[in-house]
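The values are calculated or read from the model by the stated rules, or taken from the named source; none is laboratory data. It should be emphasised that the depicted structure is a prediction, and the values quoted were computed from it without experimental measurement. Here the Cβ positions follow ideal geometry from the backbone for every residue, glycine too, while neighbour counts run over all protein chains shown.
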Amino acid sequence: MDNYNLNDFYRLIGDNIKKIRTEHNDSQETLAEKIDMSRGFLSQIESPGLCVGVSLDTLFKICMIYNIDIRDLFNGFENFVDNKNNRSN
């Protein structure tokens with residue numbers, strides 16, 4: 001795990017949550033209400049500069065609300081790992 005920055009993982013998940021939320025035409029406020037979270041905290045999760053982690057429970061709630069596979073929240077992970085591995089070689 002030495003070659004990986006956890007903030008990059010959090011950013012990837014936050015970006016995917018935002019993408020899925022906007023594809024469903026939900027505001028941050030609407031999604032926050034659906035998953036019982038403050039809009040401010042959801043904003044932090046989706047913010048590219050803050051890199052805030054999110055609980056597995058919250059990820060499951062998002063999946064249930066939008067009827068998506070949890071892997072959708074990790075979309076791009078494969079490219080991220082490939083890029084990190086290529087830089088370390």
Legend entry - helices (runs of 4 or more DSSP H) (entirely within the chain) containing at least 3 residues that are at pLDDT 90 or above and of a type in the set (A, V, I, L, M, F, W, C): 6-23, 39-46, 56-66
Legend entry - Long-range neighbours under 8 Å by Cβ, at least six apart or interchain, first residue charged (D, E, K, R) within region 44-66, second part of a helix (DSSP H, G or I): Glu46/Gly14; Glu46/Asp15; Glu46/Ile17; Glu46/Lys18; Glu46/Arg21; Glu46/Gln28; Lys61/Lys34
Legend entry - Residue count, region 1-23 (criterion: in contact (Cβ under 8 Å) with a residue 40 or more places away in the chain, surrounded by fewer than 13 Cβ atoms within 10 Å (Cβ to Cβ) and either touching a Pro at 6+ places or on another chain (Cβ under 9 Å) or under 21 Å from Met64 (Cβ atoms) (or both)): 0
Legend entry - Among residues of region 29-49, those that are surrounded by 18 or more Cβ atoms within 10 Å (Cβ to Cβ) and within 20 Å of Asn75 (Cα to Cα), counted: 4
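Restricting attention to region 1-45, which residues are among the β-branched types (Val, Ile, Thr) and within 11 Å of the chain's Cα centre (by Cα)? Before you say what the answer is, go through the steps one by one.
Filtering region 1-45 down to residues among the β-branched types (Val, Ile, Thr) leaves 13, 17, 20, 22, 30, 35, 45.
Ile13, Ile17, Ile20, Ile45 - these are the residues of region 1-45 that are among the β-branched types (Val, Ile, Thr) and within 11 Å of the chain's Cα centre (by Cα).
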Legend entry - Residue selected from region 50-81 under the condition surrounded by 15 or more Cβ atoms within 10 Å (Cβ to Cβ) and β-branched (Val, Ile, Thr), by the criterion farthest from the chain's Cα centre (by Cα): Ile65
Inset, instruction - Could you grab me the full set of residues in region 21-57 that are within 18 Å of Arg11 (Cβ to Cβ) and of a type in the set (Val, Ile, Thr)? - result: Thr22, Ile45, Val52, Val54
